[in-house]
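The values are calculated or read from the model by the stated rules, or taken from the named source; none is laboratory data. This is a predicted model, so every value here is computed, not measured. Neighbour counts are summed over all protein chains in view; Cβ atoms, including those assigned to glycine, are modelled from backbone coordinates with ideal geometry. The area values use the complete protein model at the heavy-atom level, side chains included, leaving out ligands, DNA and RNA. Shrake-Rupley method; radii C 1.70, N 1.55, O 1.52, S 1.80 Å.
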Amino acid sequence: EVQLLESGGGLVQPGGSLRLSCTIFGFNFNDAAMSWVRQAPGKGLEWVSLISNTGRNSYYADSVKGRFTISRDNSRDTLYLQMSSLRADDTALYYCAKDIELSYLGQGTLVTVSS
Amino acid sequence: DIQMTQSPSSLSASVGDRVTITCRASQGIRNDLGWYQQKPGKAPKRLINAASSLQSGVPSRFSGSGSGTEFTLTISSLQPDDFATYYCLQHDSYPLTFGGGTKVEIK
């Protein structure tokens, strides 16, 4: 069974940093591109970033480019999202997702940016 | 960026009704489209990939069609468990983009 477990969310002040993690089970992490997707409270879904299976290539939404960095550790089956220069409009539930097709999403971790 | 225009943004329907949701892409995306269902407080769940392929375990009352710029999700006979918000996603090119969502409510 495919499982994706996000962690690392919390309350952070504007301008602060946070690192999210996503640990996977039930599929070969080395073979899968991985994404982060977010959902602000009461709003729709927004794709944030994707990293290729090897980690060699990464892509970002314009809204986070230059502030967020996606990475992965294939030896630990873990995906990361390093977030810096956080703003109030980054407040959202952050989901990790499998494949470019976003075939499975985790349950999410909540990031709240507020003073 | 490819814009995904989803309609309607909300609809009210009764159990047993046939429901159709449409997504229009601002440029051709071949069949690189998925449909997702999200219930309150839950993660989105993919129903359909490649525009028309039903995800394993998804009831056959769900179907998808389309290619290029026009796509449709159809629920042939709405069931109580189907009241949720539905999203389309294009993954043809970066940035990946979602439609704005369609909230399906009980009439």
Filter region B:71-81 down to residues that are in contact with a Gly (Cβ under 8 Å, 6 or more places away or on another chain) and open to solvent by less than 10 Å² (accessible area, probe 1.4 Å), then give me how many there are. 3
Quick one: count up the residues across region B:11-32 that are over 20 Å from B:Ile106 (Cβ atoms) and either in contact with a Cys (Cβ under 6 Å, 6 or more places away or on another chain) or assigned to a loop (DSSP other than H, G, I, E, B) (or both). 8
Conditions first: (1) touching a Lys or Arg at 6+ places or on another chain (Cβ under 9 Å); (2) more than 12 Å from every other protein chain (Cβ to nearest Cβ); (3) part of a loop (DSSP other than H, G, I, E, B); (4) open to solvent by 20 Å² or more (accessible area, probe 1.4 Å). A:Gln107 passes all but one, so which condition is the exception? (2)
Of everything in region B:40-70 that's basic (Lys, Arg) and open to solvent by less than 60 Å² (accessible area, probe 1.4 Å), which residue is nearest to A:Ala97 (Cα to Cα)? B:Arg46
Please list, ordered by first then second residue, the pairs with beta carbon atoms under 8 Å, 6 or more apart or interchain, first in region A:6-20 and at pLDDT 95 or above, second among the aliphatic types (A, V, I, L, M) and open to solvent by 80 Å² or more (accessible area, probe 1.4 Å). A:Gly9/A:Leu110; A:Gly10/A:Leu110
Could you go through region A:53-71 and let me know if any residue there is of a type in the set (Lys, Arg) and either assigned to a strand (DSSP E or B) or more than 20 Å from A:Ile24 (Cα to Cα) (or both). yes
Those strands (runs of 3 or more DSSP E) completely within region B:39-85 that have 3 or more residues that are away from chain A (no Cβ under 12 Å) and closer than 17 Å to B:Thr20 by Cα are B:62-67, B:70-75
If I go through region A:25-78 residue by residue, how many of them are more than 11 Å from chain B (Cβ to nearest Cβ), farther than 12 Å from A:Tyr94 by Cβ and not polar (S, T, N, Q)? 17
Failed item, numbered, when A:Leu79 is tested on (1) touching a strand residue (DSSP E or B) at 6+ places or on another chain (Cβ under 8 Å); (2) open to solvent by 20 Å² or more (accessible area, probe 1.4 Å): (2)
Verdict on B:Ala84 being open to solvent by less than 30 Å² (accessible area, probe 1.4 Å), more than 25 Å from A:Ala40 (Cα to Cα) and under 12 Å from the mean Cα position of the chain (by Cα): no
Among (1) under 27 Å from B:Ser53 (Cβ atoms); (2) in contact (Cβ under 8 Å) with a residue 40 or more places away in the chain; (3) within 13 Å of chain B (Cβ to nearest Cβ), the one test that A:Tyr94 misses: (1)
